[in-house]
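Step one of this worksheet: look at the structure below.
The values are calculated or read from the model by the stated rules, or taken from the named source; none is laboratory data. Just so we're clear, the structure is a prediction, and the values are computed from it rather than from any experiment. Virtual Cβ from ideal backbone geometry, glycine too; neighbours counted across all protein chains shown. To get the accessible areas, we keep the full protein, side chains included, count just its heavy atoms, and leave off ligands, DNA and RNA. Shrake-Rupley method; radii C 1.70, N 1.55, O 1.52, S 1.80 Å.
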Amino acid sequence: MYLEIVSPEATLFAGEVTSVTVPGINGEFQMLKDHAPIVSLLQEGNVQIDGNISIDEAYESKFSTDANGKTILAISSGTIEMKDNKVIVLAD
């Protein structure tokens, strides 16, 4: 599935991923390929990205890697939409 992470400054990441886990306002949830369409608000926490991804050099400092090899982006709030195997995260 295709993931885009957009902040007020720039598009931080765009590319194919295996899964994405986000901090929803009612708890953390994960999306995989062919997930049902969804729109949700996000709260402070970590966006966890799984897959063989490449981060643009200009934004590498915003991301980290956890012990399981997932790529992590800390956010303070945001919105997520998934439709037709495309996930868009608008993150603050």
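Laid out as a table, the results:
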| read-out | value |
| --- | --- |
| Unique residue being in a strand (DSSP E or B) and farther than 12 Å from Leu3 by Cβ when the list is Val89, Val47, Val39 | Val39 |
| Tally of residues being over 15 Å from Lys86 (Cα atoms), out of contact with any helix residue (DSSP H, G or I) (no Cβ under 9 Å at 6 or more places or on another chain) and either open to solvent by less than 70 Å² (accessible area, probe 1.4 Å) or assigned to a strand (DSSP E or B) (or both) across region 12-35 | 5 |
| Those residues of region 1-11 which are touching a residue at least 40 places away in the same chain (Cβ under 8 Å), exposed (fewer than 14 other Cβ atoms within 10 Å of the Cβ) and outside any loop (DSSP other than H, G, I, E, B), in sequence order | Tyr2 |
| Hits in region 1-32 (condition: of a type in the set (D, E, K, R) and out of contact with any strand residue (DSSP E or B) (no Cβ under 8 Å at 6 or more places or on another chain)) | Glu9 |
| Region 36-52, residues that are closer than 27 Å to Asp84 by Cβ and over 12 Å from the mean Cα position of the chain (by Cα) | Ala36, Pro37, Ile38, Val39, Ser40, Leu41, Gln43, Asn52 |
| Qualifying residues in region 36-54 (those that are among the small types (Gly, Ala, Ser) and out of contact with any strand residue (DSSP E or B) (no Cβ under 6 Å at 6 or more places or on another chain)) - the one least open to solvent (accessible area, probe 1.4 Å) | Gly51 |
| Residues satisfying the stated conditions in region 55-81, i.e. within 18 Å of Val17 (Cα to Cα), part of a strand (DSSP E or B) and open to solvent by 40 Å² or more (accessible area, probe 1.4 Å) | Ser64, Thr65, Ala74, Glu81 |
| Residues satisfying the stated conditions in region 82-92, i.e. out of contact with any Gly (no Cβ under 9 Å at 6 or more places or on another chain), under 16 Å from Thr18 (Cβ atoms) and not basic (Lys, Arg) | Met82, Asn85, Val87 |
